[in-house]
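Engineer: Please see the structure below; I have some questions.
The values are calculated or read from the model by the stated rules, or taken from the named source; none is laboratory data. Just so it is clear, the model here is predicted, and its values are computed rather than measured. A quick note on method: Cβ atoms are made from the backbone with ideal geometry, for glycine too, and the neighbour counts reach across all protein chains shown. The area values use the complete protein model at the heavy-atom level, side chains included, leaving out ligands, DNA and RNA. Shrake-Rupley method; radii C 1.70, N 1.55, O 1.52, S 1.80 Å.
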Amino acid sequence: MDKYDVLKLENQLCFPLYACSKEIVRKYKPYLDEIDLTYTQYITMMVLWEHKSMNVKKLGGYLYLDSGTLTPVLKKLEQKGYVKRTRDGKDERVLNVSITSKGEKLKEKAVEIPVKMGNCFTITQEEAVILHKVLNSILSQVTE
């Protein structure tokens, strides 16, 4: 084995992860265009549909996004009327974000997206569970 084999793209675990992620987000685009959301806006809304309200720091933790990336996303979602940002009454430094009734209604349009995405590729339920577990394991290790 050549010592430079480790530098071949085909031998990298990170490259298929990167390429797969990029292509999956590309597959989401037409479905998200129908509800006028970007992928980052969509995953932000997913967290808020589940939790209704939280501070921006905690939201960023769920999404693995820093405030510099998340702030413009939240501003745009607020302009669209889907979320409301407010300063915390106890600590002015803390910014809270909560879903609005309009944002809650958007959930009805978005509920079909996972099904549509599921039809874009075929892996078994068992493979999906294993993949999800492996990816979460890797994610927890690289974010420590």
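Engineer: Select from the range 51-60 the residues that are touching a helix residue (DSSP H, G or I) at 6+ places or on another chain (Cβ under 9 Å) and open to solvent by 60 Å² or more (accessible area, probe 1.4 Å) and list them in ascending order. Quick ask: steps written out before the conclusion?
Structural biologist: Pass one, the range 51-60, residues touching a helix residue (DSSP H, G or I) at 6+ places or on another chain (Cβ under 9 Å): 51-52, 54, 56-60.
Selection gives His51, Lys52, Lys57, Lys58.
Engineer: Of all residues being surrounded by 15 or more Cβ atoms within 10 Å (Cβ to Cβ) and either hydroxyl-bearing (Ser, Thr, Tyr) or closer than 16 Å to Ser101 by Cα (or both) in the range 12-34, which is farthest from the chain's Cα centre (by Cα)? Just the residue, please.
Structural biologist: Looking at the filtered set, the residue picked out is Tyr31.
Engineer: Name the pairs whose Cβ atoms lie under 7 Å apart, with the first residue in the range 43-57 and free of Cβ contacts under 8 Å to residues at least 40 places away in the same chain and aliphatic (A, V, I, L, M), the second surrounded by 17 or more Cβ atoms within 10 Å (Cβ to Cβ) and in a helix (DSSP H, G or I), and 6 or more positions between them or separate chains?
Structural biologist: Pairs that qualify, where the first residue is free of Cβ contacts under 8 Å to residues at least 40 places away in the same chain and aliphatic (A, V, I, L, M) and the partner is surrounded by 17 or more Cβ atoms within 10 Å (Cβ to Cβ) and in a helix (DSSP H, G or I), are Val47/Leu59.
Engineer: Of the numbered conditions (1) in contact with a Gly (Cβ under 7 Å, 6 or more places away or on another chain); (2) farther than 22 Å from Lys105 by Cβ; (3) surrounded by 12 or more Cβ atoms within 10 Å (Cβ to Cβ), Met45 satisfies every one except a single condition; which is it?
Structural biologist: The one condition Met45 does not meet is (2).
Engineer: Test Lys90 against the criterion of being open to solvent by 90 Å² or more (accessible area, probe 1.4 Å), over 25 Å from Leu17 (Cα atoms) and modelled with pLDDT of 95 or more, and give yes or no. Show your work before the answer.
Structural biologist: Details: open to solvent by 90 Å² or more (accessible area, probe 1.4 Å): yes; over 25 Å from Leu17 (Cα atoms): yes; modelled with pLDDT of 95 or more: no.
Criteria not met by Lys90.
Engineer: Between a first residue in the range 91-119 that is closer than 15 Å to Met46 by Cβ and without any contact (Cβ under 8 Å) to a residue 60 or more places away in the chain and a second residue that is of a type in the set (Gly, Ala, Ser) and in a loop (DSSP other than H, G, I, E, B), which pairs have beta carbons less than 9 Å apart while being 6 or more apart in sequence or on different chains?
Structural biologist: Gly103/Gly81
Engineer: I need the full set of residues from the range 105-132 which are of a type in the set (D, E, K, R) and either surrounded by 10 or more Cβ atoms within 10 Å (Cβ to Cβ) or not in a helix (DSSP H, G or I) (or both), in order please.
Structural biologist: Within the range 105-132, the first condition is being of a type in the set (D, E, K, R), and the residues that meet it are 105, 107-109, 112, 116, 126-127.
Within the range 105-132, Lys105, Lys107, Lys109, Glu112, Lys116, Glu127 meet the criteria.
Engineer: Among Thr40, Thr71, which is closer than 23 Å to Phe121 by Cα and open to solvent by less than 60 Å² (accessible area, probe 1.4 Å)?
Structural biologist: Working: Thr71 fails: closer than 23 Å to Phe121 by Cα.
Selected residue: Thr40, the only one of Thr40, Thr71 that is closer than 23 Å to Phe121 by Cα and open to solvent by less than 60 Å² (accessible area, probe 1.4 Å).
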